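Below is one structure, written out as structure tokens; the observations come after it.
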Amino acid sequence: MTIARAARLFRSSKITCEQLCHHSYNLAYFAENSLHLNSYAKLVPLEQILQQASQSDERIRNGNSKGLLDGIPVTIKANIAVGRYWEMPNACSAILSSGNELEDTYSTDEGECSLNNQVYESDIARRLLTDCGAVLIGITNMDEFGMGSLGINNGLQRDVQHKRPSPTYNPVPWMQRLASLLESKQYLRIKDCENDDYWVGKLVNSTPGNPHGIHDENCLADLLEEVQNSIRGEENCHRTDEFPLLSPGGSSSGAAVATSHGSSLLSIGTDTGGSLRLPSAWTSTVGFKPSYGTYSRYGVVSYVSSLDTIGFITATTECAEIAWRCLGAKSKAARADGTSGRWNVQLSRDSTARVYHKDSNLCDHNCHIHRPLDQHTLFVGETMVTAEKPLADIRVGIPSAFSLEEIPPIIASAWSESARSLQNNGGATLVTISESELASPWIRLALSSYYVLACAEASSNLSRYDGLRFGVNVNPDSLYSDHDANNGPLCDMTALERQISANRAHGFGGETQRRVLAGTSVLSSDRFHTHYEAAAVARANISRSLENLFRSSLTNDVDDEKVDVMLVPTALTFPPKLNQNGDDMQQTDPTAAFANDVMTIPISLGGFPSVSVPVNADKLNIENGLPNNIDLRNMIGMQIFASRGSDDLVLRVANELQ
Amino acid sequence: MFWSKFIVHHRHCRRSPSPSIIVQCYCYCRFASSSVSSIATSTSPTPTLRYDRDSGIIFLENDSDTSSSKTFATPPSTRLPLYQTVIGIEIHAQLMVPTKLFSSAPTRHRRIHDGLNSDHYDDGSTPNENVHAIDIAYPGTLPQPISTSTINASLLSAIVLNCNNIHTISRFERKHYFYGDLPQGYQITQQRWPIARDGLVVFLPHVATRSNAKLIVDGAGAGEGGDDDGVPIRRRGMRNRRGVQENNHPDESDNDVDERNCQTRELIESLSSKSSSTSSPPDPVQLRIERIQIEQDTGRTIVGSSSSSSSPVSHYSYVDHNRTGCALIEIVSHPDLRSAHEAAGAVSRIRKLLQMANVCDGKMEEGSLRCDLNVSIAPIDIDDVIGGDEESDRSAGGAQNTRMVLPPNTGHRVEVKNLNSIRQIIAATEYEALRQSKLAQLGTPTGRETRTLVVGSGGMADETVCIRAKGDAVDYRFMPEPDLPPLILDEETLGCTLDEYVDKLRTELGESPEDAASRLVQDYGLTMDVAGVITGDTRAILLFEETVKFAKNEYLLLKNCDDDDIDGDENMLSTLAANWLCNDLFALAKTSTSANEGNIQSTVSLLDYSSIDGQRLGGLIAMVAHGSLTSSMAKKVLNIMFVEGGRDHPRDIATANGWQVVSDKKTLIQLCNSVVFDPKNASQLEQYKTGEERKRWKIEKYFVGKIMAASKGNAHPELMKEALSTVLEKACIDS
């Protein structure tokens, strides 16, 4: 199911929003309770979903729909405030809003505060749910504060005994198994080529126990038992030698899983160093990170303020394009009024929003490629008429600097196949960017500068969780023995310092503590110049050298050296296997997971728009030369990125790639 | 509403571990004899360290005359200058803007901006009432763009502090530390890229209060508590400023030093006498401002009582977030100050300047303006002193130059935080001067420390206590603020260039006190001293000019003549107005302030306590000038006007009380006749007629008293005497 198809079916009255949202709820329920994917931090109660959906139905019936997203089931990442449904993505559960109250109140141990009786909601959630009329299915799970690439640092279920929380699991192996039980031997997500009646039938017969409509109940029961055994970690429980517990990637793990499994047609998430693109590559979905500052970050829990970008994960590039245009309509208007990046009282609640949109013409330049929104999307799939060579004017750069020696052969061949596909099918011009124009050491340097900057800003942004207002408040005396309290660093502390350190030591997960400590270290006066400033310089250099490779749309120069977009793989790795405790089975060093982001981080540092598209394994001539029988070809993503503000162009090229 | 409660250790109760210091008196410190014997040498009287607040010099002197420590009667031979204090200040001033720096929450200044009466403004707003989610660092909130009023207030501060560099681009940074009153865990401030740099303040050092000093008489005293006199500053300040610009080689004056081998004793004598002669008015001093930065205020911590005896924690503190996130400017000075009275004078002056620009209400006791001092001591090299004799003499032109460089071997600076009054500034400097000198004498000079002033109570003197020593200095981990773009002030954001914008603000600011003073001298023929007193008060200038205007009108009516006819009287009227304003009205206001609050340091204007306007005061002046009220009557009328308020004309008040000068000749003669020819006084009249000269004079005095009593004190004294002599002469002739 795609957004376009759903919108078309709503308007032709073949299905209602209520039916679709109920189906989404069933899928989400199945994912959580039968497949144990842990993709949701919180599921919205069914009656509230249906109430929202029926309002959408009424609007569509009366012809005053709020747009293509009206009635579409969506999810939002846990670090984005969504009024009363919001739960914090961390152990700082003391500020959990209680879902039943109309006011957004929070309490500390000692009292509570009402924020002027207004529900605290992020700008993006308001835009999506209130302005566009989408129906919220749930809040998706994530790595604590967005720290992690594997979805295993989920802080939500941490209890007092320090029991490890359950990780979020990749749905793709289970989806492959489920598909084998279906008559239509097709994957459920990216191939939306079944006819409408197939989907209508599916929606009507959906139940929470069997939303996929599998006829053979015994097979389903067997599969679910296998899931149970895997989760429990029992040996030799698998029917085949496949290993089904894989990481979905992070930190927007739940967002990717929900989209991949089908319960959400549009999952809003955040991307800091690759948090949307990596999980989307590993779950065979489309992950889109717009230019930094496109959407207001107001109401989004800050991790790395200078990199955090709101984006989304969808099943197809077409869905991404619809979401981009629906959510961005207003911000585009604001962008054109010349308030770019300057102090202005009338600017949005996020002072850094639209900082990089210096040339508003840039957007207009690329806008003409679109057909009118309704035409474009409503009849897609039936009357899709595309030009012979839609990318004839586009120059696609293949930067050799990104071709690191660690790249597995299968990903290398996927990369070249994708490039060839853009050239042959789209008519794009391929330009190889040599080492001399963009040196590979910069790409490696990007990773380390990212972690210096990210940890520094994280340690700063997280210092508000001291347990006095936010964060857990524990009794330090219960945490430390008398011996501890009277020896070592504790005895030099004042009562307040001891309280705060107890709260933070208890409240933050391991990865968070590591990053906060690392960040504190690089900001200290003796390391600020050697680490933080060096990283900032490296960042500026990377950003500038990438920016210089792009053709400026303003001058329209026909410089042969310059390109419009660049194509690189999203990840150089495949999802690691997880055990039932959520440990990465192959890695023991927590910093090793950093390497998963090596291809996404240089792009994040520059604030460039980037979209990760799953490689179409059938279309491409790639051999599955890997063990385990899991079709890894479905876990490869290709990234298209371009200069800041060229979001439309990125989506347009991505559409061809898919 | 909520309280954020947290535990604090009784940090302030930890006394510094230096028990050998015994503070005996507010102004000097005595060595404990055992530890000091080494430097006390063989002189039998106990040597004492004494701090001179005017010169900033710490003397070692023999305490031969313990009873009169204040007098400088001690033989000069026993006074040895040891150290010079070197002081820099940091002032945190809360801007009077309606909203907080980065959120839309109202501040306590909101009411003023809404046009509500500021007289009745009430700071007792409920705790945590003016709080936005941003202020308490609610996760996901981001700072909102800074408001225009904050920009304007910051620029105005830079203007009044004469900043040479106001930056088109300034940036915000985060300063990290954990405390209960800092919800974000960091303060958004400006560090490396402040909004303005390189300012200059010229001020008069504080002058110790003499209770009976009259304002007019003692112009240099210029009001208690260092309300500095702006007038001489301007004149002399010009010269000083030139001194700064020429001062590229501040060492030159030191290089001139001759190795004059003059008698150390003589020198010390001259130094002592100089420093002790406090009667001459001090000369203006200039203080360089390093930078002005915009930053957030913290919450207000309220110390709660201990919850229960069994509780393991000492007590809880509570935080009121109404102040959290309010806009502050921090003014950082160079260490150009050399004494406690200079520090006090500089703070008073800056406070006044900010008040005049309407940037900060300057209420130190409410924390609207807080001051941190950086105090260190430099050893006084006798040789240097010989060569640079004029160094101690601030009036010398070269004096300013030597301030620009830190004296050699200046010790570690000690920061004394959060001083809330001029008195505390003086007390803290003095305490630090003596404490540091003492430690230096012992060979264990102080390290870099942060201290706080504990105000003495129950007969205990004030003292500073250590809150952070060098070892556990806080690393603030400054980091560029990633949530805020740079603050750019250019055509795009201001609508005109920054220079044009600053000029516009400067014009709106109106005349400076200095300009106003010279105008008053020019236009009204006042003396500089008087003009200085008037312009030293924000509201007095306007009141004075209105008073003169109304006084002139009424005077014309009383005299029943034209404008031209009273040409010569105009100066008389303005002098009268100035005297009545500065002496009588200020005195009344001051009594009422001290009755109300006991602290006049922080009021914006003394006249805030008075409801008397120019019309009523002018009426009074006219009546005095015309002679229809004697000055003692006028004082009574003024008192009534001040106490009762209202809108009654002084003439009506006088009439209602029967205070009416009788100056009509006929009436006076009638009055005299009735008394002189009163049968009761027949014997006196007879004695007058017959008596000799001496007797006559006595009788005349008797009649004056009787007539005055008969007129209930209303008779015009001189005219009445004239009338009496006429009557008596006539009586003699008639008989």
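Where does each of B:91-101, B:680-690, B:717-727, B:424-434 land if you order them by average Cβ count within 10 Å, highest first?
Values: B:91-101: 23.5, B:680-690: 14.4, B:717-727: 17.6, B:424-434: 25.5.
Taking the mean over residues of other Cβ atoms within 10 Å, the ranking is B:424-434, B:91-101, B:717-727, B:680-690.
What order do you get for B:576-588, A:390-402 when each peptide is scored by the mean count of other beta carbon atoms within 10 Å, highest first?
Output ranking for B:576-588, A:390-402: B:576-588, A:390-402.
Which of B:K559/B:K590; B:K175/B:K438; B:K363/B:K417; B:K680/B:K701; B:K100/B:K504 have a Cα-Cα distance over 26 Å?
As for pairs spanning more than 26 Å Cα to Cα, those are B:K559/B:K590; B:K175/B:K438.
Pulled fully out, how much extra length does the chain show between B:C496 and B:N165, if you take 0.36 nm times their separation in residues and subtract their Cα-Cα distance? Display every interim value, and only then the final one.
Values: separation 331, 0.36 × 331 = 119.16 nm, distance 1.75 nm.
Taking 0.36 nm per residue and subtracting the Cα distance, the gain is 117.4 nm.
Could you give the Stokes-Einstein D for the range B:421-578 in µm² per second, using the C-alpha Kirkwood radius, 37 °C, 0.692 mPa s?
Answer, rounded: 146 µm²/s.
At a Förster radius of 41 Å, what calculated FRET efficiency corresponds to the Cβ-Cβ distance of B:D503 and B:E366, to the nearest 0.05?
0.80
For the pair B:A731 and B:A587, what calculated FRET efficiency results from E = 1/(1 + (r/R0)^6), where r is the Cβ-Cβ distance and R0 = 41 Å, to the nearest 0.05? Display every interim value, and only then the final one.
Values: r = 45 Å, r/R0 = 1.10.
Computed FRET efficiency for B:A587 and B:A731: 0.35.
With only Lys, Arg, Asp and Glu charged, each at its Cβ (+1 for the first two, -1 for the last two), find how big the charge dipole of the range B:665-734 is about the Cα centre; round to the nearest 20 debye.
Here the size comes out at about 200 debye.
Here, each number is a calculation from the coordinates, and none is a lab measurement. This is a predicted model, so every value here is computed, not measured. Quick reminder, even Gly has a Cβ in these numbers, built from the backbone with ideal geometry, and neighbours come from all protein chains shown.
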